[in-house]
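Since every read-out is calculated from the coordinates, none of them should be taken as a lab result. Bear in mind the structure is a predicted one, so any value in this text is a computation, not a measurement. Every residue, glycine among them, receives a Cβ derived from its backbone with ideal geometry; neighbour counts consider all protein chains shown.
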Amino acid sequence: MATKLAPTAQDALDELPDDTLHAAMARAFAEIEAATKDATNPHFRSKYADLSSVIEAIKPALVNNGLFVTQRCAPSDGGVTVDTYVHHKGGNDMFLGSLFVPANKQDAQGFGSALTYCKRYALQTAFVVPTEDDDGNAASRSAARPTTGEAPPNKRVKLDGPYTCPTQLMTAAREFVRTLNGIGDLGEFIAWKQTKDVKEFVNQLIRDMPDWWHGGPSVPTDFVPLEILVSQKKRDLEALEEVNAK
């Protein structure tokens, strides 16, 4: 008697009806995943330096499956909120979530920059678009970045604080992000922010390496400022607490 082979992921996709939004999304995700593993794909080998790169990376998979995306700005105090939707040619829609990004400056440039960040990271999150590793690759990007031709300083920069050099402070920043990502409820988040170590770290980072906190030219293009990460985490935990309270 012939042995029956276990069904594969592709077999499951092939069995889905062609005229539903969920079937189209499943096929689009499969195409995006395949594209991320293709070494010749110029979009997924890049650092996603701008919003257009993310759109170009996901657009073929969406178009091939009768899908398109819209993003709508919602009124927000001190920043920008973007709601992301995916639509199917059959007429169905799916809400993919809201993302808030605070504006570093309360002017047209500040809000424009926040809007670009918001639209880009909302798409990356919704379609699980990969980005370069912020830990291992950040060092290699920094080493390869062109310089102004100025001679390096003769002595290492010594900082006045718990972290005595920029390398220590950057390492602490990465650990800060890892801890932040692991927090699961609002109470834990509030207690963590009030600890002495976190307060000292944030104060020194804002003073000595402000671009890592607020954003700026000294960090990689695809780097998300820690201020934005903290603000978004707080909103996510508040939303989760509201859901659990119902």
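If I model a spin label as a point 7 Å beyond the Cα along the Cα-Cβ vector, how far apart are those points for T164 and D83 in nm?
A separation of 5.4 nm, rounded to one decimal place.
Cα-Cα over 31 Å: which of K158/K193; K119/K158; K89/K246; K59/K246? Intermediate results must be reported in sequence, preceding the final value.
On the way: K158/K193 26 Å; K119/K158 38 Å; K89/K246 35 Å; K59/K246 38 Å.
Violating the 31 Å Cα-Cα cut-off are K119/K158; K89/K246; K59/K246.
Give the average over all directions of the projected area of the C-alpha convex hull of the range 156-245, one decimal, in nm². Mind showing how you got there, number by number?
Details: hull surface 24.6 nm².
Mean projected area for the range 156-245: 6.1 nm², to one decimal.
Sort the following peptides by mean Cβ neighbour count (other Cβ atoms within 10 Å, averaged over residues), highest first: 190-200, 224-234, 91-101. Could the numbers behind the result be given before it?
Working: 190-200: 12.0, 224-234: 18.3, 91-101: 15.9.
Top to bottom by mean Cβ count within 10 Å: 224-234, 91-101, 190-200.
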